[in-house]
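*Asks:* Before we start, here is the structure in question, set down as structure tokens.
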Amino acid sequence: MTDLHCLSIRELTEGLANAQFSSRELTQHYLKRIEKIDAQVKAYVTVTAEQALAQADAADAAIKAGNATALTGVPIAHKDIFCTQGIKTTAGSKMLDNFISPYDATVVAKGKAAGLVTLGKVNMDEFAMGSTSESSYFGATKNPWALDHVPGGSSGGSAAVVAADLAPFATGTDTGGSIRQPASFCGLTGLKPTYGRVSRFGMIAYASSLDQGGPMARSAEDCAYLMNVMAGHDAKDSTSMDKDVDDYVANLNGTSVKGLRIGIPKQYFNVEGLDADVKARVEESLKKLEEMGATLVEIDLNMTEAYVPTYYLIAPAEASSNLSRYDGVRYGYRCEEPKDLLDL
């Protein structure tokens, strides 16, 4: 069972269901890998070994009793921006270094209800502001493929644990690329769902009108499994979309792309700094889709130059409001014996 970390989510679920291995064995396997490898990658902020084994035992009991869901017993890592009851939630900041959440984020609660086993909380750029995972109070996370490279950010810890096989999949959050970019840097699949598809309740806010939680995994199918758990309406989130959740796994395979029209923004292929190899890989994928029956249509996004400046108006404005609570008085870390108000 030395290669359990090489299995896909589908293979893990089938192995658990068929008693080829137990959730405890699977969880112990990942905990041993974390102990052996994470000192180099530096992806985990908190490893919840004792809780994970207890959840694994409960999952094994549920499987034995015939009460399992599709993902019961599968381990997961959560970006340290999702509140977890009784476990430290830091958002990569010294300001929250001593914060033990009294409740679970909806995404975490959904994972527990589905029988997922939480291995721990993973590193990120402080308050999700960054694209390298170097700004965390807990130190920089490394790219497992090349330790002298960054894994991207802000969900760099989530990308690194999956790429290093320290978790089968992980949750991340994306405001302006914080799932998609680290997924790219680490050779993974990452999805920013449509806004409102995943609840933001218990997800520490950066820019509320842009933030979305989403899955990070080794393949589209693995992400689909996690999306089946994460997605759905939440009455605790006023921006949550009240719409039925599709079965993303069932809809993924066997669906023909014949007749599908795919828009290709011409501005994205004529931009300064575009890596030639990246462009070639994208063009290869588009050609493959065309061979499978899709129609490629060039489109003109003639306001592309305004996107980034608009983002940098919205995101910092909302962040200044969201982060104002972390002043050491109402919330968060406070310095020892402040001399005066300014020092405080």
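*Asks:* How about the stretch 35-50: which of its residues are closer than 22 Å to residue 85 by Cα and open to solvent by less than 60 Å² (accessible area, probe 1.4 Å)?
*Replies:* From the stretch 35-50, those closer than 22 Å to residue 85 by Cα are 43-50; that's our starting set.
Across the stretch 35-50, the qualifying residues are 43, 44, 45, 46, 48, 49.
*Asks:* Right, next: Report, by residue number, each residue of the stretch 73-87 that is of a type outside the set (D, E, K, R) and surrounded by 23 or more Cβ atoms within 10 Å (Cβ to Cβ).
*Replies:* Passing the criteria: 73, 74, 75, 76, 77, 78, 81, 82, 83, 84.
*Asks:* For residue 204, state whether it is modelled with pLDDT of 95 or more and closer than 21 Å to residue 140 by Cβ. Steps first, please.
*Replies:* Numbers: modelled with pLDDT of 95 or more: yes; closer than 21 Å to residue 140 by Cβ: yes.
In short, yes.
*Asks:* Of the numbered conditions (1) on the phi > 0 side of the Ramachandran plot; (2) of a type in the set (Asp, Glu); (3) under 13 Å from the mean Cα position of the chain (by Cα), residue 165 fails exactly one; give the number of that condition.
*Replies:* All conditions are met except number (3).
*Asks:* With 141, 90, 132 as the choices, which residue is in a loop (DSSP other than H, G, I, E, B), polar (S, T, N, Q) and surrounded by fewer than 23 Cβ atoms within 10 Å (Cβ to Cβ)? So that I can check it myself, show each step before the final result.
*Replies:* On the way: 141 fails: surrounded by fewer than 23 Cβ atoms within 10 Å (Cβ to Cβ); 90 fails: surrounded by fewer than 23 Cβ atoms within 10 Å (Cβ to Cβ).
Within the list 141, 90, 132, the selection yields 132.
*Asks:* Assess whether residue 22 counts as being surrounded by fewer than 19 Cβ atoms within 10 Å (Cβ to Cβ), of a type outside the set (A, V, I, L, M) and within 18 Å of the chain's Cα centre (by Cα). Full working, then the answer.
*Replies:* Working: surrounded by fewer than 19 Cβ atoms within 10 Å (Cβ to Cβ): yes; of a type outside the set (A, V, I, L, M): yes; within 18 Å of the chain's Cα centre (by Cα): no.
Judged against the criteria, residue 22 is not a match.
*Asks:* What residue, among those in the stretch 281-309 that are under 27 Å from the mean Cα position of the chain (by Cα), of a type in the set (A, V, I, L, M, F, W, C) and closer than 20 Å to residue 181 by Cβ, is surrounded by the most Cβ atoms within 10 Å (Cβ to Cβ)?
*Replies:* Ranking the qualifying residues of the stretch 281-309, first place goes to 282.
*Asks:* Please determine, by comparing only the residues of the stretch 319-336 that are assigned to a loop (DSSP other than H, G, I, E, B) and of a type outside the set (Ser, Thr, Tyr), which one is least open to solvent (accessible area, probe 1.4 Å).
*Replies:* Initially, the stretch 319-336 is screened for residues assigned to a loop (DSSP other than H, G, I, E, B), giving 326-336.
Applying the additional criterion that residues be of a type outside the set (Ser, Thr, Tyr) yields 327-330, 332, 334-336.
Details: 327: 55, 328: 5, 329: 86, 330: 164, 332: 32, 334: 118, 335: 38, 336: 152 Å².
Only one residue tops the list, namely 328.
*Asks:* At least 1 residues that are over 27 Å from residue 297 (Cα atoms) and in contact with a Phe, Trp or Tyr (Cβ under 7 Å, 6 or more places away or on another chain) in each: list the strands (runs of 3 or more DSSP E) lying fully within the stretch 165-267 that qualify. Can you show your working first?
*Replies:* Details: elements: 170-174, 212-217, 261-265.
In the stretch 165-267, the matching strands (runs of 3 or more DSSP E) lie at 170-174, 212-217.
*Asks:* Only one residue in 52, 43 is modelled with pLDDT of 95 or more, more than 20 Å from residue 228 (Cα to Cα) and over 18 Å from the mean Cα position of the chain (by Cα). Which one? Lay out the reasoning, then the answer.
*Replies:* On the way: 43 fails: over 18 Å from the mean Cα position of the chain (by Cα).
Exactly one of 52, 43 is modelled with pLDDT of 95 or more, more than 20 Å from residue 228 (Cα to Cα) and over 18 Å from the mean Cα position of the chain (by Cα), namely 52.
*Asks:* What number of residues within the stretch 35-82 satisfy the criterion of being in a strand (DSSP E or B) and of a type in the set (S, T, N, Q)? It would help to see each step written out before you state the result.
*Replies:* The first filter runs over the stretch 35-82 and keeps only residues in a strand (DSSP E or B), leaving 44-47, 75-79, 82.
After this cut, where a residue has to be of a type in the set (S, T, N, Q) as well, the list is 46.
Looking only at that region, the number is 1.
*Asks:* Let me ask you something else. Quick check: anything in the stretch 77-85 in contact with a Lys or Arg (Cβ under 9 Å, 6 or more places away or on another chain), of a type in the set (Gly, Ala, Ser) and farther than 25 Å from residue 316 by Cα?
*Replies:* Yes, because at least one residue in the stretch 77-85 is in contact with a Lys or Arg (Cβ under 9 Å, 6 or more places away or on another chain), of a type in the set (Gly, Ala, Ser) and farther than 25 Å from residue 316 by Cα.
*Asks:* How many residues does the stretch 180-214 contain that are free of Cβ contacts under 8 Å to residues at least 40 places away in the same chain and within 15 Å of residue 145 (Cβ to Cβ)? First the steps, then the outcome.
*Replies:* Of the stretch 180-214, the ones free of Cβ contacts under 8 Å to residues at least 40 places away in the same chain are 180, 183-184, 188-193, 212.
Now restrict to residues that are within 15 Å of residue 145 (Cβ to Cβ): 183-184, 188.
Count: 3.
The values are calculated or read from the model by the stated rules, or taken from the named source; none is laboratory data. These figures come from a predicted structure and were not determined experimentally. Note that we place each Cβ from the backbone using ideal geometry, even for glycine, and neighbour counts take in every protein chain shown. When the accessible area is computed, the model is the full protein with side chains, heavy atoms only, and any ligands, DNA or RNA have been set aside. Shrake-Rupley method; radii C 1.70, N 1.55, O 1.52, S 1.80 Å.
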